[in-house]
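Have a look at the structure below, then the notes.
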Amino acid sequence: MQKNSLQEFRNVAIIAHVDHGKTTLVDAMLKYSKIFRENQSVGTLIMDSDPQERERGITILSKNTAIVYGNVKINIIDTPGHVDFSGEVERVLNMADGCLLVVDALDGPMPQTRYVLKTALENRLKPIVIINKIDRDNSNINNVINDIQDLFLELALDADQLDFPIIYASAKDGYSVENLSDTPKDMSPLFETILDSIPPPRNEYSGPFQMLVAALDYDNHIGQIAIGRVFRGQVNKGDWISVIDYKNEIKNYRAEHLFSFRDLARNDVDQVSAGDIGAISGLSDVRIGDTIASVEKPEPLERIHIEDPTVKVTIGVNTSPFSGREGAYASSRVLWERLQRELQINVGLRVERTGSPDEFLVSGRGELHLSVLMENMRREGMEFQVSKPEAVTNIINDKVYEPYELLIIDTKEEFIGPLTEELSSRLAVMTEMGANTDGYLKIIYRLPTRGLIGFRNFFLRITRGQGIMNTQFDSYEVMKGQVKSNRSGVLVAAESGTSVTYAIRNAQERAQTFVEPQVQVYEGMIVGMHNRERDMDFNICKKRQVTNMRKSTSEIVERLEPAIIFSLEEALDFVESDELIEITPLNIRMRKRILDSSGRYKKARNDSRASR
């Protein structure tokens, strides 16, 4: 069958470490293409449309758009840079023929730079290196180039991959240049390099239709929409097509609507052909990785490979005394259906049933990956409870293997001592140490994933925001050693009721409190933390004894320390294995698994006897 080279398309993925400027680069490319009016205010981070992406300042979901430059349509795929969302990168790179590797002019290649470049080279994408933020005063471009070349030498699969162009850019200021001596003008040098260096897609234009689903969307009027690259043939609106799932089972549907991407719009078209990235509606029960093919010759494409999860939690029905007060949904059936819907679009996630009908085991690529899912469910009006995150283990030849990761820290020398002391209790081993040009020290540790759980908050508190930490999956090794918990005991509400100022003030003489006055609490709820090892039951609802005697100090205002309010990520890091997090649309509460104090005492006594 004759293969045609489709000169009118270029399919490009933008990959980088987090905060190196991928989405800002897409902004600059969109603005240069004149898709906005001269007086239109579009702001920044145009592609980050999800509310959590805006709030967190990171890209969470891979998205695609298209720009027409000259007579060539350039399909652009914006990918996340955070390691927890690597599954989003893995699922979309098959749609591209080349990639733009964005590297910070000061930081140089970082852990996720290595990962995304390795994945791109394994997919045989043609790379273009973009050294971004060259307008920074302390940029170190020559060293960055040397580090990039070393990285390519290490990861390249053949000699051809060592030949890559370098573009220098300031995406924030909207320009790119081929040489540092060139006068900055606009983004045209980058577009010209894309046309010259990225090969056009080579697909079978005249064969039977074949498309791999890489993303899903939903429209209230037309239903589910499957998005992917057409690898062979073409499809017309109204054609009958076959969906081949992971079991190789085939279902036939009619292509009710076809879409092609351009600028920031999804345009209704009559035909989508090989080499282009398009979308099809009229399909139900389709998943990422499925093949859409012609009914005459339904041949499956190779499914998208996603690396295994490393962190797991249990998500279950809310069993607290406040269950049903703040959330619209609380049943196990609704919770299971919501998690199953998430599996259709979140390829890095795994969901399994447990021995309890009201709890489900959910595994992901990291704490942030799982917390984004929980926050989305919370905003949808659901209430549920979550356990402490744990590392995912594998059993090989009757031995338990656990994931190990590399932890890369950049911070001031004054913080190295307490960080190293904390990490040693988490089974970390220092493998490399060196000084950066900005006066910070760069240290690399190797430790099990279970040692990383809960470390991020400690790092932020110790460095007071003057440090950066990144992680990178390394390998699986036999589980050994015990991670020491440095968390002190907590104050547990001894009875249900309303917290009062008098009791909180008494508690703050020996502890830090987590609730403000006039807050509803229940027995077993965690309301504070003290500096002793054991947990302590405390009556946060105890009122001052009322008498008919007037005290000379009665008019003195009692001042309280502000309560510590935990975010979802902080709560995940804080809780222990005998505790749960109650998540509702209005509140995040921490509690003991066993709410009754006598029940906790009996369990502790039985566990002590069993360990003898």
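The values are calculated or read from the model by the stated rules, or taken from the named source; none is laboratory data. A quick note: this is a predicted structure, and the numbers were derived from the prediction, not measured. Glycine gets a Cβ as well: all are built from the backbone with ideal geometry, and neighbour counts include every protein chain shown. Note: areas computed on protein heavy atoms with side chains; ligands, DNA, RNA excluded. Shrake-Rupley method; radii C 1.70, N 1.55, O 1.52, S 1.80 Å.
What is the one condition in (1) more than 19 Å from Ser597 (Cβ to Cβ); (2) more than 32 Å from the chain's Cα centre (by Cα); (3) among the charged types (D, E, K, R) that Lys484 does not satisfy?
Only one criterion is unmet by Lys484, namely (2).
Could you figure out which of (1) modelled with pLDDT of 90 or more; (2) part of a helix (DSSP H, G or I); (3) not hydrophobic (A, V, I, L, M, F, W, C) isn't true of Thr431?
Going through (1) modelled with pLDDT of 90 or more; (2) part of a helix (DSSP H, G or I); (3) not hydrophobic (A, V, I, L, M, F, W, C) one by one, Thr431 breaks only (2).
Return yes when Asn318 is touching a residue at least 12 places away in the same chain (Cβ under 8 Å), part of a helix (DSSP H, G or I) and either more than 30 Å from Leu586 (Cβ to Cβ) or not hydrophobic (A, V, I, L, M, F, W, C) (or both) and no when it is not.
For Asn318, the condition - touching a residue at least 12 places away in the same chain (Cβ under 8 Å), part of a helix (DSSP H, G or I) and either more than 30 Å from Leu586 (Cβ to Cβ) or not hydrophobic (A, V, I, L, M, F, W, C) (or both) - is not met.
Within the bounds of the stretch 129-146, is there any residue that is over 31 Å from the mean Cα position of the chain (by Cα) and surrounded by 17 or more Cβ atoms within 10 Å (Cβ to Cβ)?
Among the residues of the stretch 129-146, not one is over 31 Å from the mean Cα position of the chain (by Cα) and surrounded by 17 or more Cβ atoms within 10 Å (Cβ to Cβ), which makes the answer no.
If you take the residues in the stretch 321-349 that are open to solvent by less than 70 Å² (accessible area, probe 1.4 Å) and of a type in the set (A, V, I, L, M), which one is farthest from Pro309 (Cα to Cα)?
Ala330
Of Gly364, Gly381, which residue is more than 16 Å from Val313 (Cα to Cα) and at pLDDT 90 or above?
Selected residue: Gly381, the only one of Gly364, Gly381 that is more than 16 Å from Val313 (Cα to Cα) and at pLDDT 90 or above.
Take the residues in the stretch 514-565 that are of a type in the set (Asp, Glu) and open to solvent by less than 100 Å² (accessible area, probe 1.4 Å); name whichever of them is modelled with the lowest pLDDT.
Only one residue fits best here, namely Glu558.
Table: residues versus (1) open to solvent by less than 70 Å² (accessible area, probe 1.4 Å); (2) touching a Phe, Trp or Tyr at 6+ places or on another chain (Cβ under 7 Å); (3) among the aromatic types (Phe, Trp, Tyr).
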{"site": "Ile468", "(1), (2), (3)": "no, no, no"}
{"site": "Gln472", "(1), (2), (3)": "yes, yes, no"}
{"site": "Lys480", "(1), (2), (3)": "no, no, no"}
{"site": "Val483", "(1), (2), (3)": "yes, no, no"}
{"site": "Asn486", "(1), (2), (3)": "no, no, no"}
{"site": "Ala494", "(1), (2), (3)": "yes, yes, no"}
{"site": "Val500", "(1), (2), (3)": "yes, no, no"}
{"site": "Ile504", "(1), (2), (3)": "yes, no, no"}
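Quick one: in the stretch 147-159, of everything that is hydrophobic (A, V, I, L, M, F, W, C) and not in a helix (DSSP H, G or I), which residue is most open to solvent (accessible area, probe 1.4 Å)?
Step by step, filter the stretch 147-159, then rank; the result is Leu157.
Could you please find all residues in the stretch 134-156 being free of Cβ contacts under 8 Å to residues at least 40 places away in the same chain and in contact with an Asp or Glu (Cβ under 7 Å, 6 or more places away or on another chain)?
The answer is Asp135, and nothing else.
Just name the residue that is surrounded by the most Cβ atoms within 10 Å (Cβ to Cβ) out of those in the stretch 163-176 that are outside any loop (DSSP other than H, G, I, E, B) and touching a Leu at 6+ places or on another chain (Cβ under 7 Å).
The extreme case among them is Ser176.
Mind listing just one residue for me: the one in the stretch 1-24 that is in contact with an Asp or Glu (Cβ under 6 Å, 6 or more places away or on another chain) and assigned to a loop (DSSP other than H, G, I, E, B) and, of those, modelled with the lowest pLDDT?
Per the stated criteria, the residue is Met1.
I need a count of the residues in the stretch 391-405 that are crowded, with 17+ Cβ neighbours inside 10 Å and either over 21 Å from the mean Cα position of the chain (by Cα) or part of a strand (DSSP E or B) (or both).
Qualifying residue count for the region: 5.
State which residue pairs qualify: first residue more than 30 Å from Ala391 (Cβ to Cβ) and inside the stretch 63-89, second residue assigned to a helix (DSSP H, G or I) and among the aromatic types (Phe, Trp, Tyr) in any location, beta carbons under 8 Å apart, and separation of 6 or more residues or different chains.
Tyr69/Phe191; Ile74/Phe191
Take the stretch 531-545 and flag every residue that is assigned to a loop (DSSP other than H, G, I, E, B) and in contact (Cβ under 8 Å) with a residue 12 or more places away in the chain.
Asn531, Arg532, Glu533, Arg534, Asp535, Asn539, Ile540, Cys541, Lys542, Lys543, Arg544 - these are the residues of the stretch 531-545 that are assigned to a loop (DSSP other than H, G, I, E, B) and in contact (Cβ under 8 Å) with a residue 12 or more places away in the chain.
Just one of (1) in a strand (DSSP E or B); (2) open to solvent by less than 40 Å² (accessible area, probe 1.4 Å); (3) acidic (Asp, Glu); (4) more than 30 Å from Glu432 (Cα to Cα) trips up Glu352, so point out which.
Condition (2) is where Glu352 drops out.
Pick from the stretch 355-383 the residues that are open to solvent by 50 Å² or more (accessible area, probe 1.4 Å) and not in a helix (DSSP H, G or I): which of them is farthest from Leu586 (Cα to Cα)?
Top of the filtered list is Gly355.
Every residue, every condition in (1) assigned to a loop (DSSP other than H, G, I, E, B); (2) over 26 Å from Leu125 (Cα atoms); (3) open to solvent by less than 30 Å² (accessible area, probe 1.4 Å), yes or no:
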residue: Gln161; (1), (2), (3): no, no, yes
residue: Ser181; (1), (2), (3): yes, yes, no
residue: Pro184; (1), (2), (3): yes, yes, no
residue: Glu192; (1), (2), (3): no, no, no
residue: Phe231; (1), (2), (3): no, no, no
residue: Ser242; (1), (2), (3): no, yes, yes
